Amino acid sequence: MEQINAEVFVTVASMGSYRKAADELGYTQAGISYIINAMEEKCGFKLFEREYGGVRLTAEGEELLPVMKRLFHTEKDVDAKINDIRGLETGHIRLISFNTAIVCLLPDVLMEFREQYPNIDIEVLACDNPKKAVSMISNGDADCAFIALAEADGIEMIKLREEPDVVVVSENHPLANKKECRFSDLEQYPFIGNPEEEDPYVYDMARKLGIKFNQIMTTNNDYGSFSMISKNLGFGIYPKIMAEKCTFPVVGVPIKKGYKTPFSIGIRSYKSISLAAKKFVDYAVQKLQQ
């Protein structure tokens, strides 16, 4: 097993490039090439094929990838446990999150967490697609995730809170001065929505109430949506906390008998995640759970 380096294998597979993997891991490109060649000699077959601009897994390499991911995460857990036994608060956390949480919740949580655990490295990746986030956790591609779901199959979910949804409009929109609006009122106005796979609860809500949006535009960027909403091109539906923290000139109008967006943390298993990730999950729950 001395010639098997799961970290290098998984990183090259993820980045599709020896050079990028070398930059990420602190190796030289020649060093990465040497490690992969040694692994291929040990295995007796090719793991990667060169292609224009990088490399890709062979069929045999694809078969090995899930096992290598498990080995890589096991090695990280062993390192974290050794550090914990030594009294070292170190580690690496790969965190994915939907944008509302990144903008409205994570900055304060990460700032305070880093003050307590300055040697724990945190990598934050944006992912607004709940199904993709659940899949990444399930497959071991991330340690934990902030997800806009109350529950999900195949992973553990810790519910943090529910945030009321509001109608976001420009300051001169006909609804801007309303204390609240009915969902049915929205049919007459242009709607700017996110892709349904990113905001499934909004479209589910409309279907349950028999509402048909006059959707004129679909965007996958919240700030782009808010910019267009501020110009009165249409309205959007967002968690209240996002509208309150928005720097564009927009107004959040409460929805009568409206729905709420669930904010949760997803993990593969609380018992099996790394000690660093467990520290972060515990801290986030303590700070954010209502």
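The numbers here are math on the coordinates, done by the rules we state, and not lab data. Just so you know, these numbers come straight off a predicted model, no measurement behind them. Please note: Cβ atoms are built from the backbone with ideal geometry, for glycine as well, and neighbour counts cover all protein chains shown.
Structure above, values below:
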read-out: Net charge dipole size for the chain [Lys, Arg +1 and Asp, Glu -1 on Cβ; Debye, nearest 20]; value: 840 debye
read-out: Highest to lowest packing among 34-43, 193-202, scored as the average C-beta count within 10 Å; value: 193-202, 34-43
read-out: Whole-Å distance, taken between Cα centres, linking region 153-206 and region 27-100; value: 40 Å
read-out: Peptide ranges 248-259, 203-214, 92-103 listed from the most packed, as the mean C-beta count within 10 angstrom indicates; value: 92-103, 248-259, 203-214
read-out: Positive-pole candidate from Ile267, Thr219, Leu209, dipole of region 157-290, charges at beta carbon; value: Ile267
read-out: Cα gyration tensor category, rounded, prolate or oblate, for the chain with a/c compared to 1.5; value: prolate
read-out: Anisotropy class of region 6-70 from Cα gyration tensor, a/c 1.5 cut; value: rounded
read-out: Geometric extent, Cα atoms of region 32-186 - Rg, Dmax (angstrom); value: 22.1, 71
read-out: Antiparallel content of DSSP bridges confined to region 163-260, in %, to 5; value: 60 percent
read-out: Given charges at Cβ of Lys, Arg, Asp, Glu: the chain dipole, positive-most of Val167, Thr28, Asn194; value: Val167
read-out: Relative pair counts by distance (%), Cα atoms of region 198-290, 10 Å bins; value: 12, 35, 28, 19, 6
read-out: Net charge, Ala13 excluded, C-beta distance under 10 Å - Lys, Arg +1, Asp, Glu -1; value: +1
